[in-house]
1. Just name the residue that is nearest to Q50 (Cα to Cα) out of those in the range 71-107 that are outside any strand (DSSP E or B), more than 15 Å from the chain's Cα centre (by Cα) and hydroxyl-bearing (S, T, Y).
2. Could you say whether any residue in the range 51-64 is surrounded by 12 or more Cβ atoms within 10 Å (Cβ to Cβ), modelled with pLDDT of 90 or more and in a strand (DSSP E or B)?
3. Of these, P12, P21, which one is out of contact with any Ser or Thr (no Cβ under 6 Å at 6 or more places or on another chain), modelled with pLDDT of 95 or more and either in a strand (DSSP E or B) or over 18 Å from T107 (Cα atoms) (or both)?
Amino acid sequence: STTTGNVTINWPNGTTQYLKPTGNVTLSYANATVSSNGNLLHTVNLIVEQGTTAYTVTLPTANANILYASGNSTVPSTANAVTFINVAAGNINGVTKYMTSIGPEYT
């Protein structure tokens, strides 16, 4: 969706979600369905398409339950670029953890 402000990546909205910022965006995660035994991951692929003006997309703050590949939580912001973000949610030791990977920009 085209949007600005606070945006929730809601798992029931689909495994591929689209975001075209019209202003700075702060993301949060919600409603991931995970198994109780840790053998099921649910993923969301987020496509972020910047327009002629690039805006900041801020991911949730890293903590014990929100993890980032290589510790990187910065979403690139180049005008007219597309970035793919993959978020896998899983039950790890009885706690839902969100593991996020940010791809490079496509220009």
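The values are calculated or read from the model by the stated rules, or taken from the named source; none is laboratory data. Keep in mind the model is a prediction, meaning the values are calculated, not measured. Here Cβ is always computed from backbone atoms with ideal geometry, including for glycine, and neighbour counts include all displayed protein chains.
1. T78
2. For the range 51-64, residues surrounded by 12 or more Cβ atoms within 10 Å (Cβ to Cβ), modelled with pLDDT of 90 or more and in a strand (DSSP E or B): present.
3. P21
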